[in-house]
Each structure stands twice: as C-alpha cells, then as structure tokens.
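Participant: Pasting a structure below so you can have a look.
The values are calculated or read from the model by the stated rules, or taken from the named source; none is laboratory data. Bear in mind the structure is a predicted one, so any value in this text is a computation, not a measurement. Cβ: placed from backbone, ideal geometry, glycine included. Neighbour counts: every protein chain shown. Heads up: the accessible areas ignore ligands, DNA and RNA and are worked out on the full protein's heavy atoms, side chains in. Shrake-Rupley method; radii C 1.70, N 1.55, O 1.52, S 1.80 Å.
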Amino acid sequence: MRFSTLLTVAGILGVLFGLAFLAAPAFGLQQYGVTTDAAGLSMTQFFGAALLQLGLVFLMIRGLPESSIPRVALGACLGELAGLWVAVRLQLSGAVNAMGWSSVAIYGILALAFATFALRKPQPA
C-alpha cells in the first residue's frame, strides 16, 4: 500500500466520524450504548471537531515529500496508539457495547499501518 492511500483511508474515516460526532453527538454515542449529559455531548462535539481536523489534514498532505513520511507516520502511529489504548480500556471496562470493538479494530489497524511506514527503511534515490 502506498502512504497516500493510507492517508486517504485515515482521512476519510476521520472526516466521516468527525462529522457524525460533531453534528449528532447523542446519536453517535448511542451507537456505542453510551448516554451522557449536556457537558458530555459538548465534549463529544469537541472530539468530532478534532477527528474532522485530523481527517482533513491527512487528506491535504497526501502528496508530501518521501523524506517526510517517516516522521508523519510516527506521529500518526503514536496518535492511533493513544486512541487504541482508550478504546481497549473502555471496551474492557464495559463502558461501551460490542460496537466499541469496531473502534479497537480501526485504531489498531491504523496504528499498525502507520507503524509500517514509520519503521520502513528509506529507499535509495
């Protein structure tokens, strides 16, 4: 897989989930069996805004120079690992329903994919 393809996939996921949590936070949380108060809904919208921003950045940097890929991939991998930690913790605590495993899978797959580019040896010019 090319790095631009990975950025496209991650970008689309970020934009779609970001828009969902930004525009309809209660509905988005309901899919995971979570209910909350107004403050929780506001925090969910902030989460949606952050996902939207990250998704747009991924989509806009798809043509970055080859030399920048390892640093961008490392940063993205670390961010995905942070999300994976939260998703696993929530899933194992029972705070979310079985749909939470989809978050574990998405964060895990993206972390692994970004790690492969972060650790890849540079190609000789």
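Participant: Calculate, in nm to one decimal, what LEU90 and SER42 gain on full extension: separation in residues at 0.36 nm each, minus their alpha carbon distance. Provide the component values of the computation, followed by the final result.
Facilitator: Values: separation 48, 0.36 × 48 = 17.28 nm, distance 1.92 nm.
Additional length available on full extension: 15.4 nm.
Participant: With a 10 Å radius around each residue's Cβ, average the other Cβ atoms per peptide and rank 97-103, 80-86, 6-12, 34-40, highest first.
Facilitator: In decreasing order of mean packing, 97-103, 80-86, 6-12, 34-40 become 6-12, 80-86, 97-103, 34-40.
Participant: For a label point 7 Å from the Cα of MET99 along Cα→C-beta, name the residues of region 34-49 whose backbone N is under 12 Å from it.
Facilitator: Flagged as within label range: 34-35.
Participant: For region 1-52, what is the per residue volume of the convex hull drawn over the alpha-carbon atoms, in cubic angstrom?
Facilitator: Enclosed volume per residue, from the Cα hull, is 63 Å³.
Participant: Now, a different point. If the only charges are +1 at each Lys and Arg Cβ and -1 at each Asp and Glu Cβ, what is the size of the charge dipole of the chain around the Cα centre, to the nearest 20 debye? Display every interim value, and only then the final one.
Facilitator: Working: 6 positive and 3 negative charges, 80 e Å.
In debye, rounded to 20, the chain gives about 380.
Participant: In units of 2.2 N^0.38 Å, what is the alpha-carbon radius of gyration of the chain?
Facilitator: This ratio for the chain stands at 1.14.
Participant: Another question, then. Summarise the accessible area of the chain (1.4 Å probe, protein heavy atoms) by the percent that is carbon and sulfur.
Facilitator: The nonpolar share, carbon plus sulfur, comes to 72 percent.
Participant: OK, next. Kindly report the accessible area of region 1-48 per residue (heavy atoms of protein chains, probe 1.4 Å, no ligands, DNA or RNA), in Å². Mind dumping the intermediate values first?
Facilitator: Details: 2740 Å² over 48 residues.
With the other protein chains kept in place, region 1-48 gives 57 Å² per residue.
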